[in-house]
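All remarks here apply to the structure that follows.
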Amino acid sequence: MISVNNLSIHFTGTDLFSNVSFLVNDKDRIGLVGKNGSGKTTLLNIISRNLIPQQGEVVIPSGTSIGYLRQEMETNSQKTIFDEALTAFNETLKLESKIRKLNTEIAERTDYESREYDQLIHQLTDANERFQIIGGQSMEGETEKVLSGLGFKNSDFSRPVSELSSGWQMRIELAKILLQKPDVILLDEPTNHLDIESIQWLEEFLINYFGAVVLVSHDRAFLDNITKRTVEIELGKIYDYKASYSGYAKMREERLERQMAAYNNQQNQVRQIERFIERFRYKNTKSRQVQSKIKMLNKLDEIEIEEIDQSAIHFRFPPAPRSGKVVIEGINLGKAYGELQVLKDLNFAIINRDRIAFVGKNGEGKTTLSRMIVKELEYSGTLKYGHNVKIGYFAQNQGDYLDPDKTVFETIDDIAAGDIRKQVRTILGAFLFSGDTIDKKVKVLSGGEKSRLSLAKLLLTPSNLLILDEPTNHLDMQSKDILKNALLQYDGTLIIVSHDRDFLQGLSNKVFEFRDQSIKEHLGDIYDFLEYRKLKSLQQLEKAKKSGNDKKGQPSDRKLSYELKKQLERDIRKVSSQIKKSEEGIEKLEIEIQGKSEILSNTAQQENIDFDKVSQEYNSLTKNLENEMSNWELLHIKLEEMKQR
């Protein structure tokens, strides 16, 4: 469909692209990857005709339509949300007018066998087909469906666009692109302003889309679920992999190993040639061979090895101070902004070492509750804090919490106390601030640099309750992995607000779902929750279909009901099996504990045993039993929830 031929771009004497060529085919699902600054956004700008390459060409067939969502866009629309989204159908309105004119002209002609008449028929057919493809028959219905999928409520449709934050305005721009149904969709970090439900809806839309999709994203799960091809930009070159991101990552590692082997072989060859030249340069009898070797050396195509960026933030959170068993308890909590009720009658308890993910659509109160817990917002009801609770907080707009006129070094040095002050430069170095960068003012830092500086601040004051609100928004994949590893090792209580499923996986043992001014607690991690929501949605769909089609008795309803029942039965069998295994483990631990207890209580054998060793084993087994009992209890609660569905 789109052909990129011998593309070259030079910025400040450096090749961003050098003779790059590749194709975007019909129905391609391409993930565009590379380091920050490698040229991903530049390439999207070239394909979308917003930037002209210095060399080479991009061939786009006539009539091919392209929709491009940039990372940042400004809109000055004075329309309502719904009316602004309807502007996506400008092509539809033009097509309607064209179809009317063609029908009129065809009706007035009588030269049925002429070439001109045949061309008019073809134009009308093409116009009608395009009209059907872009949903000309159902503009308003499609608009409502897409806006709802991207998180807008029906009650929002009449609100002015100018009232919305930049993130919600970006959703409208995305909705317009999807409604236009272009042949090629280009998306630059589309998930930055979306919640998990909207991301899943967008995934489903793009998976089933009729055209091609090229996207840039740091969301690994999003890339894996959509893309089937990965195009990497590295050192001005293009590497094309027929795989999703995870497949690409493995194949890239194998390619780098082959590249390094080829480079080492070539270097050995070069050294041998240079030794020959140096040894026989001044011998007349070898002059011909020397000249031949020199020519050979000059003709060698030097193999370049990619500069692997070894710089990465590296840190661990300090040990969490001991706290009481109940960290926070909320009793009849509520929060309203004027007449807008965000949260109402919340009752919950957060236990020591709980790891909780806050999920739900944007605007449902995740950040609001986080700010209530850290005492930034007033509220109704009661919040009780446990013994010795010390909170560390990373805000979604963390950059606003930093003094813009301080330097990087001053930001950390001003809050460091005692011996930790001697380690300020070491801490900053771990977060990629070194040399002159520590003297940069906060106000000139990028979003990613501000995020790293804010994370560094968290290390200076040990906490036993970490609340992180969208901590990955400005981090690349490598930095996200390092942060996740640090959180996995953190031994305190964790509350994390995030829409990144890959980042959340394995970090939580509970999910607080925010919906309709309340929260619902789910056991398990993010994918357990998403599976539950998927099943719940299917049940709701089945119920809706049955109420509308009971008399028809459609087979699809029966099939859906059957699949739901089978899935639930499989889940129940799985959890029942886990409970049985847990009970066997408990029984085994109890027997071992009894044996150790008898040894320790037998005073006659005290001289013949290693009391300290047996005591340690006894304590370890007791702790394992406590953990297994907690696991057994959680599994039973999960089973009861399933049986009530």
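The values are calculated or read from the model by the stated rules, or taken from the named source; none is laboratory data. Predicted model only: the values in this text are computed from it and were never measured. Every residue, glycine among them, receives a Cβ derived from its backbone with ideal geometry; neighbour counts consider all protein chains shown. Just the protein is used for accessible areas: all its heavy atoms, side chains included, with ligands, DNA and RNA removed. Shrake-Rupley method; radii C 1.70, N 1.55, O 1.52, S 1.80 Å.
Only one of (1) within 30 Å of THR368 (Cα to Cα); (2) open to solvent by 50 Å² or more (accessible area, probe 1.4 Å); (3) modelled with pLDDT of 85 or more fails for VAL408. Which number is that? Looking at each condition in turn, VAL408 falls short on (2). Are any residues in the stretch 153-188 within 28 Å of ILE30 (Cα to Cα) and aromatic (Phe, Trp, Tyr), and if so, which ones? Correct list: TRP168 only. Set side by side, the residues VAL408, VAL444 differ, and just one is closer than 27 Å to ASN192 by Cβ and in contact with a Lys or Arg (Cβ under 9 Å, 6 or more places away or on another chain), which is VAL408. Residues satisfying the criterion are present in the stretch 73-87 (criterion: farther than 19 Å from GLY167 by Cβ, open to solvent by 40 Å² or more (accessible area, probe 1.4 Å) and in contact (Cβ under 8 Å) with a residue 24 or more places away in the chain).
Checked against the criterion of being over 19 Å from the mean Cα position of the chain (by Cα), within 26 Å of ALA349 (Cβ to Cβ) and not hydrophobic (A, V, I, L, M, F, W, C), the stretch 496-511 has at least one qualifying residue. Against the list (1) touching a residue at least 60 places away in the same chain (Cβ under 8 Å); (2) within 28 Å of ILE526 (Cα to Cα); (3) among the charged types (D, E, K, R), the condition ARG171 fails is (1). Of GLN200, GLN266, GLN289, GLN259, all but one fail to be of a type outside the set (A, V, I, L, M, F, W, C), farther than 20 Å from LEU44 by Cα and free of Cβ contacts under 8 Å to residues at least 24 places away in the same chain; the exception is GLN289.
Which of the residues spanning the stretch 152-175 are crowded, with 21+ Cβ neighbours inside 10 Å and not in a helix (DSSP H, G or I)? Across the stretch 152-175, the qualifying residue is only PHE152. Restricting the stretch 197-247 to residues that are part of a helix (DSSP H, G or I) and of a type in the set (Val, Ile, Thr), which is nearest to the chain's Cα centre (by Cα)? Among residues in the stretch 197-247 that are part of a helix (DSSP H, G or I) and of a type in the set (Val, Ile, Thr), the one nearest to the chain's Cα centre (by Cα) is ILE199. Listed conditions (1) part of a loop (DSSP other than H, G, I, E, B); (2) open to solvent by less than 30 Å² (accessible area, probe 1.4 Å); (3) aliphatic (A, V, I, L, M) are all met by LEU428, apart from (1). A Cβ distance below 8 Å, combined with a sequence gap of six or more or placement on separate chains, defines the contacts here; from the stretch 235-246, residues that are more than 19 Å from LEU7 (Cα to Cα) reach residues that are open to solvent by 50 Å² or more (accessible area, probe 1.4 Å) and part of a loop (DSSP other than H, G, I, E, B) in the pairs LYS242/LYS228; ALA243/LYS228; SER244/LYS228.
Listed here are the residues, each with its yes/no results for (1) over 13 Å from GLU232 (Cα atoms); (2) more than 20 Å from the chain's Cα centre (by Cα).
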site	(1), (2)
PHE17	no, yes
ILE30	no, no
LYS35	no, no
ASN45	yes, yes
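Per this entry, GLN119 is not counted among residues that are modelled with pLDDT under 85 and either open to solvent by 80 Å² or more (accessible area, probe 1.4 Å) or among the aliphatic types (A, V, I, L, M) (or both). Of the listed requirements (1) more than 30 Å from ASP183 (Cβ to Cβ); (2) open to solvent by 80 Å² or more (accessible area, probe 1.4 Å); (3) not aliphatic (A, V, I, L, M), LYS237 misses just one: (1). Note on the stretch 110-127: residues that are of a type in the set (D, E, K, R) and part of a helix (DSSP H, G or I) amount to 4. Scanning the stretch 591-615 for residues that are touching a helix residue (DSSP H, G or I) at 6+ places or on another chain (Cβ under 7 Å) and modelled with pLDDT of 80 or more returns GLU592, ILE593. Of the strands (runs of 3 or more DSSP E) lying entirely inside the stretch 354-401, those containing at least 2 residues that are open to solvent by less than 20 Å² (accessible area, probe 1.4 Å) and under 29 Å from LEU530 (Cβ atoms) are 355-360, 391-394. Taking LEU147, is it touching a residue at least 60 places away in the same chain (Cβ under 8 Å), closer than 24 Å to SER62 by Cβ and within 24 Å of the chain's Cα centre (by Cα)? The answer is no for LEU147.
Number of residues in the stretch 305-326 that are modelled with pLDDT under 85 and either of a type in the set (Lys, Arg) or open to solvent by less than 80 Å² (accessible area, probe 1.4 Å) (or both): the value is 8. A single member of TYR263, TYR282 is in a helix (DSSP H, G or I), open to solvent by 50 Å² or more (accessible area, probe 1.4 Å) and at pLDDT below 95, and it is TYR263. For the stretch 128-145, filtering for residues that are of a type outside the set (A, V, I, L, M, F, W, C), touching a Leu at 6+ places or on another chain (Cβ under 8 Å) and in a helix (DSSP H, G or I) leaves 5. For the stretch 470-504, the set of residues classified as closer than 10 Å to ALA357 by Cα and touching a helix residue (DSSP H, G or I) at 6+ places or on another chain (Cβ under 6 Å) consists of VAL497, SER498, HIS499, LEU504, listed by residue number.
Yes/no matrix, rows are residues, columns are (1) of a type in the set (A, V, I, L, M); (2) crowded, with 18+ Cβ neighbours inside 10 Å:
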| site | (1), (2) |
| --- | --- |
| ARG229 | no, yes |
| ILE233 | yes, yes |
| GLY247 | no, no |
| GLN269 | no, no |
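Filtered by the rule that a residue be closer than 17 Å to ASP183 by Cα and surrounded by fewer than 18 Cβ atoms within 10 Å (Cβ to Cβ), the stretch 1-44 gives MET1, SER3, LEU23, ASN25, ASP26, LYS27.
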